[in-house]
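Read the structure below first, then the notes.
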Amino acid sequence: MKKTFLLLACASMMASSAMAQMSLVKEVAKVAGSNKVEELQTALSKIQPALTNPETARDAQTWFVAGKAAFGLFDQMQAHKQLGQEVDAALMGKTLMDGFNYLQTALPLDSVKETNKDGSFKLDKEGNPKVKTKYSKDINTLLSGHINDVYSFAGECINEQKYDMASQAYNYFFNLMDKDFAKSAGIQLSAEDLAMTKFFQGFAQYYSKDFVNSYKNLTTAIKGGYNENNVNLYQTSAMANVIQGLVDAKDFSGAMRFLDDALVTTPDNSMIYDMKGFVAEQDKGTDAALPFYQKSVELDPNNADANYNLGRMYYNQASKIIVDNPTATTSQLVPMLQPIYEKALPYLKKAGEIDPEKGKDAKRLIDDIDYKYEQMGLKK
């Protein structure tokens, strides 16, 4: 009896809590359309418990009211700012982003299947459950009315080096741009502006260390004709970071798939083959990497990394011969080593000519080859 009583008491308390939170939501709804900053701030503060209550958090009205209040507060602060009045810029940005969060949470909750008296779903002419909404039209209107605001906010975050926030804002912007309500409102970017915006989205993601999406968006920007702000260097670096992460995780096949996908759009990209060489080298060693480095140099003879790596592979082949033949005499090693060193030297020297920094690494190998030549009594 005691256990049953406790269970009933807990259930009663939960129901009471849910009713209290729903009552709170309705109370906040009355002031969510206010034009007073203080009232809207109070409304947003009051509704927070309802966003985490198990019952009210499943109700579209809860999130709609919160989103409406957040956008209302943002609009009022925006109006004050345009009048030259001082506003809390950080709060203003957070409120805008919160508004998007709240309203986009509300949308799927607002799609409710209609039921018959017996509990079965009402069906349309095609046999699919009928769906009714209550807040979606207002939600879409609020979202479409603030697309330009989130676009501007993303740019401000870039300028202030708040890259995580900028990345999130650009994600909101492009998600909204794909919605029917945005298209019907005529909100769109020109091809040139789209490419530029994709660059800044990829740029923000790069500094947020979201390298996969950074690479994708920077690639889209380049394909759209964008060629400013070192976009190619950022794209290459983003790809390199993706590959390094996959290699560190020993996901060599995943790294190769990523690079193969990249080659679909840029089949003659020397840097991608250089990275394939790196992956193959880490996975299976020198012999597996060699063809990729050769292809990289073939595609771009002035790729310093590829020249260095190809020369290094030949150098490694020679080193393996020395290790695998510990009892061989110098005269026996000469015919095995010299042809390989002769292959390595031009690429190592070329790497240094192209990139002095890369030349420092190449010089260490060249100096060692010079030493080996002296030991073998050979002249270069």
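Nothing in this text is a laboratory measurement; each read-out follows from the coordinates by a stated rule. Just so it is clear, the structure is predicted and the values come from calculations on it, not from any experiment. Cβ sites come from the backbone with ideal geometry, for glycine too, and all protein chains shown count toward neighbours.
A few comments on the model shown:
- Within the listed set 291, 335, 49, the residue fluctuating most in the Gaussian network model of the chain (springs between alpha-carbon atoms under 10 angstrom) is 335.
- Choice from 307, 159, 217 showing the highest fluctuation, given a GNM over the chain with Cα pairs closer than 10 Å: 159
- Length released on extending from residue 126 to residue 261, taking residue separation times 0.36 nm less the Cα-Cα span: 44.6 nm
- The chain: angle of helix 231-248 to the longest principal axis, Cα-based, in degrees nearest 10: 80 degrees
- Near the amide H of residue 123, within less than 5 Å, lie the amide hydrogens of 130, all on another chain or at least 5 residues away, with H placed in the peptide plane.
- Each part reduced to its alpha carbon centroid, the range 257-300 and the range 225-246 end up 16 Å apart.
- Extension gain from residue 134 to residue 26, taking 0.36 nm per residue of separation minus the Cα-Cα distance: 37.4 nm
- Using a cutoff of 8 angstrom between alpha carbon atoms and counting only pairs six or more residues apart, the relative contact order for the chain works out to 7 percent.
- Over the range 305-380, relative contact order from alpha-carbon pairs under 8 Å, at least 6 apart, %: 36 percent
- Using just its DSSP H runs of length 4 or more, each adding -39500 (n - 2.57), the chain gives a mean residue ellipticity at 222 nm of -25500 deg cm²/dmol after division by all residues.
- Relative to the dominant Cα principal axis of the chain, helix 89-109 is inclined by about 80°.
- Subset of 30/179; 94/209; 94/132 violating a 23 Å alpha-carbon distance limit: 30/179; 94/132
- Label corresponding to percent of Cα pairs over 40 Å apart when calculated from the structure given, among (i) 44; (ii) 24; (iii) 16: (i)
- Residues in the range 247-264 that a label on residue 178 would reach, taking backbone N under 17 Å of a point 7 Å out along Cα→Cβ: none
- Cα gyration tensor category, rounded, prolate or oblate, for the range 257-315 with a/c compared to 1.5: oblate
- Per-pair calculated FRET efficiency, R0 = 45 Å: residue 249 and residue 329 via Cβ, rounded to 0.05: 0.50
- Comparing 366, 272, 321 in a Gaussian network model of the chain, where Cα atoms under 10 Å apart are tied by springs, the biggest mean-square fluctuation is seen for 321.
- Trypsin sites (Lys or Arg not before Pro) within the range 196-286, DSSP loop, no more than 14 other Cβ atoms inside 10 Å: 209, 250
- For residue 349, the lysines whose Cα comes closer than 20 Å to its Cα, not counting residues fewer than 8 places off in the same chain, are 295, 358, 360, 363, 372, 379, 380.
- Relative to the longest principal axis of the Cα atoms of the chain, the long axis of helix 2-29 lies at roughly 90 degrees.
- Extension gain for residue 45-residue 223 works out to 59.6 nm (0.36 nm per residue, less the C-alpha to C-alpha distance).
- Inter-label distance, nm, simple model (7 Å from Cα along the C-beta direction), residue 367/residue 320: 2.7 nm
- Across the range 289-338, the relative contact order, built from alpha-carbon pairs under 8 Å that are at least six residues apart, equals 28 percent.
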